[in-house]
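So the structure is just underneath, and the comments pick up after that.
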Amino acid sequence: MSHLSRKNKLLLLKFLSLFSVVRGYNILIIVIAQYLASLFILSPDLPLKAVIFDLNLFLIVLATALVIAGGYIINSFYDSEKDLINRPHKTRLDHLVSQKKILTLYFVLNFLAIIVASYVSFFAVLFFSGYIFGIWFYSHKLKKIAFLGNLVSASLALIPFFAVFIYYRNFETVIFVHATFLGLIIMIRELVKDLENLKGDLALGYHTIPVAYGERCAKSLITLLGGLTVIPTYFLINKFDVGLMNYYFYGSLVLLVTFLFWLWQSKAKPHYVLLHNILKLILVLGVFSILLIDPGLIIKRFI
């Protein structure tokens with residue numbers, strides 16, 4: 001009985017290891033974000049059921065989730081040495097499943113993503129093939145290059161939204177302004193992650209901005225990007241109809257001002273982890289605040 005208990009415990013730990021490697025919680029947020037963006041921003045005139053039960057949309061979201069899961073795996077594979085320095089406890093959990101099995105899962109996930117995309121269209125196959133290659137090339141080469149790595153990482157993070165954006169062929173200006181705001185927040189997050197991981201990056205020769213130009217330069221760039229977020233925020237609040245979501249943008253500005261104040265006081269990894277969590281909070285709140293664009297829309301579209 002005790003042997004069975006140990007076996008079950010090991011299986012549970014391996015499941016948690018896989019969930020940790022593929023960042024299941026992040027993928028869930030992205031899936032929710034894709035559906036909410038589709039409902040409230042990209043296709044506000046379509047019946048609710050037509051969006052929720054759209055098979056092609058479901059397949060696009062599923063393919064995206066599979067590619068992102070694979071992306072986290074390959075990124076973790078290339079960063080394994082660095083992560084041993086930066087986050088040893090998480091890395092030990094991640095390594096409960098052998099690297100060989102993890103890489104096998106990477107290929108399986110990407111293969112399944114292409115199969116799923118093939119049911120949508122040939123263009124979808126090309127799109128997701130390019131996405132898979134982009135993630136691999138970033139993980140293998142680009143992430144070690146100062147600024148370019150951050151820019152590419154932010155762009156890859158936006159691609160799930162462009163997947164549904166292209167599907168609905170919605171080319172309204174407000175979509176691009178939303179994407180600009182989101183892209184700036186993600187760029188800031190990437191730079192904070194570089195500050196957070198400075199020790200491992202320095203030890204393994206990653207040419208990130210804090211390593212190449214110093215922490216002060218990285219903080220100045222983050223401050224500049226933080227200031228630039230005011231521009232899309234102004235337009236979203238004053239020039240477009242975002243409903244009650246404008247309260248989210250006001251709140252985001254308050255959080256960003258607080259974030260920037262703490263940024264210049266920060267000197268150690270725990271400080272940067274806290275700052276990273278503030279940015280995560282802004283991003284997660286942004287996902288669910290899409291509902292505030294028109295709170296009564298769901299009721300109206302059901303009737």
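Things worth noting here:
- Shape call, the range 209-281: gyration tensor on alpha carbons, a/c limit 1.5: prolate
- Top of Ile237, Ile290, Ile166 by mean-square fluctuation, Gaussian network on the chain, Cα under 10 Å: Ile166
- Charge sum, other residues only, whose C-beta stays under 9 Å from Ala154's C-beta, Lys/Arg counted +1 and Asp/Glu -1: 0
- Whether the range 13-169 is rounded, prolate or oblate, judged on the alpha carbon gyration tensor where a/c under 1.5 counts as rounded: prolate
- Once exposed loop trypsin sites (Lys or Arg not before Pro) are cut out (DSSP; at most 12 other Cβ, 10 Å), longest piece of the chain: 1-168
- Positive-pole candidate from Ala179, Ile135, Tyr247, dipole of the range 128-274, charges at beta carbon: Ile135
- Remark: the chain carries a charge dipole of roughly 1020 debye about the Cα centre, counting +1 on each Lys and Arg Cβ and -1 on each Asp and Glu Cβ.
- Of all the options Asn197, Asn56, Asn110, the one that moves most in a Gaussian network model of the chain with Cα springs shorter than 10 angstrom is Asn56.
- Fluctuation leader among Ala146, Ala157, Ala268 - the chain, Gaussian network, Cα springs under 10 angstrom: Ala268
- Residue-averaged 222 nm ellipticity for the chain, from DSSP H runs of 4+ at -39500 (n - 2.57), nearest 500: -25500 deg cm²/dmol
- The Stokes-Einstein estimate for the range 172-303, based on a Kirkwood radius over Cα pairs and taken at 25 °C with 0.890 mPa s viscosity, is a diffusion coefficient of 154 µm²/s.
- When each of Lys100/Lys267; Lys100/Lys144; Lys141/Lys219 is checked by Cα-Cα distance, pairs over 28 Å: Lys100/Lys267
- Counting beta carbons within 10 Å around each of Ser155, Ser252 and listing the fewest first gives the order Ser155, Ser252.
- Between Val230 and Leu244, the simple label model (points 7 Å from Cα in the Cβ direction) yields a spacing of 2.9 nm.
- Of the DSSP H helices in the chain, those whose Cα atoms cover at least 18 Å axially and whose Kyte score averages 1.6 or more: 24-37, 55-78, 148-168
- Loop-located chymotrypsin sites (Phe, Trp or Tyr not before Pro) in the range 167-272 whose Cβ has at most 10 other Cβ within 10 Å (DSSP): Phe171
- Relative exposure of Asp201, Asp54, Asp45, Asp241, judged by other C-beta atoms within 10 Å (fewest first): Asp45, Asp241, Asp54, Asp201
- With the charge dipole of the chain set up from +1 on Lys and Arg Cβ and -1 on Asp and Glu Cβ about the Cα centre, the Cα lying farthest toward the positive end among the listed residues Leu225, Leu112, Ile52 is that of Leu112.
- Labels on offer are [x] 30, 26, 15; [y] 48, 38, 16; [z] 31, 28, 18, and the one holding semi-axes √(5λ) of the Cα gyration tensor in Å computed from this structure is [z].
Read-outs: derived from the displayed coordinates by stated rules, not from any lab. For clarity, every value in this text was computed on a predicted model and none was experimentally measured. Please note: Cβ atoms are built from the backbone with ideal geometry, for glycine as well, and neighbour counts cover all protein chains shown.
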